[in-house]
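Here the structure is laid out as structure tokens; the discussion comes afterwards.
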Amino acid sequence: MSTLQLQAAAMPLGAAAVPGVRSDALSVESLSLSFGGNHVLQDISLRFEPGHITGLIGPNGAGKTSFFNCLTGLYSPQVGRISLGTQRLEGVPPTGRAALGFSRSFQHVALCPELTVVENVMIGLDRQSRAGWLDAFLPFASGRAERAAHRALALAALRRLGIEAVAEALPAELPPGVLRLAEIARAIAGKPRVLLLDEPAAGLNSVETHDLSNALKKLRASDLVLVVVEHDMDLIMEVCDAIHVLNVGRLLASGTPEQVRANPDVVKVYLGDDDE
């Protein structure tokens with residue numbers, strides 16, 4: 001799929017959706033989060049369109065992870081609303097949001113060392129499981145069929161990211177870049193509607209980051225909202241259609257990579273000023 005011309009993904013809430021893109025965007029309106037007297041997020045309004053890769057950047061302490069935690073239901077903001085399409089998410093717990101199609105990876109890879117790569121990816125399908133606990137011990141036909149279906153989905157996710165060849169390997173046998181792709185495969189195996197990637201390039205070398213960039217581009221799809229938090233600016237500028245910049249809990253700037261790179265406020269507080 002070619003990259004859609006992006007204007008709406010960087011627009012504030014209420015802007016028109018991009019023609020040809022499904023309307024179930026992820027919308028955040030006037031979101032504010034505080035812990036005691038510490039204002040972590042202040043009046044954030046954003047719209048994330050399916051069909052685009054959106055970057056979320058900012059200095060350490062800008063509120064990026066807290067924002068992700070609000071999206072997934074781990075944190076409950078004191079003010080504001082979050083919607084997926086027409087579905088309001090206030091009061092929906094993390095498990096309920098997962099059932100609605102939210103999926104997330106974390107900065108630190110957490111694969112089970114005793115399981116093969118494909119078995120680790122299959123863990124991401126547990127919320128779709130209909131087999132009972134007895135199926136783990138008794139050879140019921142329904143349990144076997146479900147496990148075979150989950151294995152096929154896991155292999156498809158690995159194939160989509162170009163690492164199907166390591167399906168039967170153990171995590172200890174693989175380099176960090178492949179482990180990161182395996183974790184992303186686990187996150188996409190259940191065909192999510194919203195995919196949130198937290199620092200996917202953390203700990204990767206330049207070659208692995210290049211492979212990650214190519215893999216992320218393969219994930220762009222008209223039915224997926226994909227948001228990436230990342231400190232590697234080369235990666236963000238290469239893969240993202242739109243970028244939002246947070247600073248001390250506030251939205252500093254939004255736009256295309258070119259617009260964000262040229263924004264003097266962003267250069268000053270985050271990207272660095274070459275003249276200094």
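The values are calculated or read from the model by the stated rules, or taken from the named source; none is laboratory data. Note that this is a predicted model, so its numbers are computed, not measured. Quick reminder, even Gly has a Cβ in these numbers, built from the backbone with ideal geometry, and neighbours come from all protein chains shown.
Residue check, residue 162 against (1) among the small types (Gly, Ala, Ser); (2) assigned by TED's automatic domain parsing to the domain that holds residue 42; (3) farther than 23 Å from residue 49 by Cβ, all met but one. Which one?
With (1) among the small types (Gly, Ala, Ser); (2) assigned by TED's automatic domain parsing to the domain that holds residue 42; (3) farther than 23 Å from residue 49 by Cβ applied to residue 162, the lone miss is (2).
Strands (runs of 3 or more DSSP E) wholly in the range 199-276 with at least 2 residues that are more than 26 Å from residue 177 (Cα to Cα) and assigned by TED's automatic domain parsing to the domain that holds residue 24 - which ones? Let's see the steps before the verdict.
On the way: elements: 225-229, 242-247, 250-255.
Fully inside the range 199-276 and qualifying: 242-247, 250-255.
Which one is farthest from residue 122 (Cα to Cα) among residues in the range 176-192 that are touching a helix residue (DSSP H, G or I) at 6+ places or on another chain (Cβ under 7 Å) and in a loop (DSSP other than H, G, I, E, B)?
Result: 190.
Exactly one condition in (1) touching a Lys or Arg at 6+ places or on another chain (Cβ under 7 Å); (2) over 19 Å from residue 240 (Cβ atoms) is not met by residue 200; state its number.
The number of the failed condition is (2).
State whether the residues of the range 26-49 include one that is at pLDDT 90 or above, in contact with an Asp or Glu (Cβ under 6 Å, 6 or more places away or on another chain) and not hydroxyl-bearing (Ser, Thr, Tyr).
Checked the range 26-49: no residue is at pLDDT 90 or above, in contact with an Asp or Glu (Cβ under 6 Å, 6 or more places away or on another chain) and not hydroxyl-bearing (Ser, Thr, Tyr).
Looking only at residues in the range 217-259 that are over 26 Å from residue 207 (Cβ atoms) and β-branched (Val, Ile, Thr), which one is surrounded by the most Cβ atoms within 10 Å (Cβ to Cβ)?
Out of the qualifying residues, it is 225.
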